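What follows is a short report on a single structure.
The values are calculated or read from the model by the stated rules, or taken from the named source; none is laboratory data. Just so we're clear, the structure is a prediction, and the values are computed from it rather than from any experiment. Note that we place each Cβ from the backbone using ideal geometry, even for glycine, and neighbour counts take in every protein chain shown. Side chains are part of the model used for accessible areas, which takes the heavy atoms of the whole protein and leaves out ligands, DNA and RNA. Shrake-Rupley method; radii C 1.70, N 1.55, O 1.52, S 1.80 Å.
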Amino acid sequence: IKTTIDGTLPSLGLVRGDRKTAIEGLTFKGVVSRDEGIISAVVERFDLASPRLTATGELTVDPASSRLKLVGRDLDVSQVREGALKIAGEIEVVEDIFRHLKGGQMSEISFQASGGSFADLWKNIDVAGSLRGGNIFASLLGTDLDDINGQFVVSRGILEAKQFSARSGKIQGSDGTLRLGL
């Protein structure tokens, strides 16, 4: 079985229990297939006007394992954070990510997850990208870091940033490395 999905929605309301949020200007194209018990969904294009996001990706679910890979571009962190917390703020992984990550621009971010089943995907997540003009809460320091620029990787609950620059109050650091447990 194979089907192609191609469409546009001017707006889409997302509802989860009593939580609601909306996304605007959605354009998408993808292919969903099933062959010998393996389900594959390929997102060729996923564009949102608000919150601003362009993404591609692939989800594969078979009896032995599941894999998800998404690549996003032109992401405004504060807009995505606001929508994610409105609709899924009590989900541990969402709350944990956005407790620390508050703002900035990401020219590209990649998200990969794998597990023995679809339900296990959220137990093994790797995220990599670049952050420009960002803001994170460094819980160990008990302070916000502002004007963050650098490359980062989040894996097994640890955020590592290289070529990192940030400001905390009047203190400015540059060309550094940051390792932060989430």
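Results, tabulated for the structure shown:
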| read-out | value |
| --- | --- |
| Among residues of the stretch 131-167, those that are of a type in the set (A, V, I, L, M) and under 16 Å from the mean Cα position of the chain (by Cα), counted | 6 |
| So Val42, is it of a type in the set (Val, Ile, Thr), over 25 Å from Gly134 (Cα atoms) and at pLDDT below 95 | no |
| Extreme residue, modelled with the lowest pLDDT, among residues of the stretch 147-164 that are among the small types (Gly, Ala, Ser) and open to solvent by 20 Å² or more (accessible area, probe 1.4 Å) | Gly157 |
| Members of the stretch 53-73 found to be in contact with a Leu (Cβ under 7 Å, 6 or more places away or on another chain) and either over 22 Å from Gln105 (Cβ atoms) or open to solvent by 60 Å² or more (accessible area, probe 1.4 Å) (or both), listed by number | Leu59, Ser66, Leu68 |
| In the stretch 123-146, the residues that are in contact with a helix residue (DSSP H, G or I) (Cβ under 6 Å, 6 or more places away or on another chain) and open to solvent by 30 Å² or more (accessible area, probe 1.4 Å) | Phe137 |
| So Gln105, is it open to solvent by 70 Å² or more (accessible area, probe 1.4 Å), under 14 Å from the mean Cα position of the chain (by Cα) and under 27 Å from Gln151 (Cβ atoms) | no |
| Breaking point among (1) under 16 Å from the mean Cα position of the chain (by Cα); (2) surrounded by 13 or more Cβ atoms within 10 Å (Cβ to Cβ); (3) at pLDDT below 90, for Asp120 | (1) |
| So Val94, is it open to solvent by less than 70 Å² (accessible area, probe 1.4 Å), closer than 28 Å to Phe46 by Cα and in contact with a Leu (Cβ under 8 Å, 6 or more places away or on another chain) | yes |
| Flag for Ala88 being over 21 Å from Ile148 (Cβ atoms), in contact (Cβ under 8 Å) with a residue 40 or more places away in the chain and open to solvent by less than 30 Å² (accessible area, probe 1.4 Å) | yes |
| Residue satisfying condition, being within 14 Å of the chain's Cα centre (by Cα) and either closer than 27 Å to Gly134 by Cβ or without any contact (Cβ under 8 Å) to a residue 40 or more places away in the chain (or both), within set Leu75, Leu59, Leu14 | Leu75 |
